[in-house]
Amino acid sequence: MKGLLILALAFTTSSVFAKDINLSGLTAKAVYDSLSIEKLQPFFDGGMGKMYVNIGSIVCDKNVDKELMTCLFKTEGGLNDAEVLLSSNEDYIAVGIIRMALSEATGAEIQTSAVSKKLVIKSLSCHTAGYSHVLDSIEIETRYECKITI
């Protein structure tokens, strides 16, 4: 009974504090483009002039004492379970651009100590429509939209 109460409280607490951020235009394009690297391709899908990126969770850390930035990307429970860790040791430019784009778009990065910062995203879903079809019709323009839950 006690375990059930703790589970219910944890679910309620996480649901109450979840916040959805909807992005469009150049801000959404900046987030989408920052994620468009080869190592993150397991999270991408597309077809019929649309491209999608769906990531279950993202945790980014920056620690100046260790001289290290990392971002961990995970998706679980679907057809395409994936986990990718980017580190400044191997992917210095990419991890810096991704962390900054997500931090600027969400405003959710927090300083955890005098030497470290952390950014936690519960889910991210972006799509672009019109991809490869902008020359089919004068009305078609490429559009970017993202939904981020923090």
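To keep it simple, each residue is scored yes or no on (1) within 21 Å of Cys146 (Cα to Cα); (2) modelled with pLDDT under 95.
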| position | (1), (2) |
| --- | --- |
| Leu7 | no, yes |
| Met51 | yes, yes |
| Asp61 | no, no |
| Thr70 | no, no |
| Val84 | yes, no |
| Ala105 | yes, no |
| Glu109 | yes, no |
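Scan Leu119, Leu85, Leu124, Leu72 and give me the residue that is assigned to a strand (DSSP E or B), at negative phi, more than 12 Å from the chain's Cα centre (by Cα) and of a type outside the set (Asp, Glu).
Values: Leu119 fails: more than 12 Å from the chain's Cα centre (by Cα); Leu124 fails: more than 12 Å from the chain's Cα centre (by Cα); Leu72 fails: more than 12 Å from the chain's Cα centre (by Cα).
It is Leu85.
Hey, among the residues in the range 46-56 that are of a type outside the set (A, V, I, L, M, F, W, C) and in contact with a Ser or Thr (Cβ under 8 Å, 6 or more places away or on another chain), which one's surrounded by the most Cβ atoms within 10 Å (Cβ to Cβ)? Don't jump to the end; show me each part of the working.
Pass one, the range 46-56, residues of a type outside the set (A, V, I, L, M, F, W, C): 46-47, 49-50, 52, 54, 56.
Among the residues that remain, those that are also in contact with a Ser or Thr (Cβ under 8 Å, 6 or more places away or on another chain) are: 49-50, 52, 54, 56.
Details: Gly49: 15, Lys50: 15, Tyr52: 15, Asn54: 17, Gly56: 19.
Taking the candidates together, the pick is Gly56.
Among the numbered criteria (1) free of Cβ contacts under 8 Å to residues at least 12 places away in the same chain; (2) open to solvent by 60 Å² or more (accessible area, probe 1.4 Å), which single criterion is violated by Ser113?
With (1) free of Cβ contacts under 8 Å to residues at least 12 places away in the same chain; (2) open to solvent by 60 Å² or more (accessible area, probe 1.4 Å) applied to Ser113, the lone miss is (2).
So which residues in the range 124-143 are open to solvent by less than 40 Å² (accessible area, probe 1.4 Å), of a type outside the set (Val, Ile, Thr) and within 16 Å of Gly47 (Cα to Cα)?
Cys126, Ala129, Gly130, listed by residue number.
Return only the number of the condition from (1) open to solvent by 90 Å² or more (accessible area, probe 1.4 Å); (2) within 15 Å of Tyr32 (Cα to Cα) that Thr106 does not satisfy.
That leaves (1) as the condition not met.
Considering each residue of the range 57-73, count those that are open to solvent by less than 30 Å² (accessible area, probe 1.4 Å), within 11 Å of Ser87 (Cβ to Cβ) and aliphatic (A, V, I, L, M), and give that number.
1
Only one of these conditions is not met by Glu76: (1) more than 15 Å from Asp33 (Cβ to Cβ); (2) in contact with a Ser or Thr (Cβ under 7 Å, 6 or more places away or on another chain); (3) open to solvent by 80 Å² or more (accessible area, probe 1.4 Å). Which number is it?
Only one criterion is unmet by Glu76, namely (2).
The values are calculated or read from the model by the stated rules, or taken from the named source; none is laboratory data. Predicted, not measured: the structure shown is a model, and the values here were computed from it. Every residue, glycine as well, gets a Cβ built from its backbone with ideal geometry; the counts of neighbours run over all protein chains shown. SASA here: full protein model, heavy atoms, side chains in, ligands and nucleic acids out. Shrake-Rupley method; radii C 1.70, N 1.55, O 1.52, S 1.80 Å.
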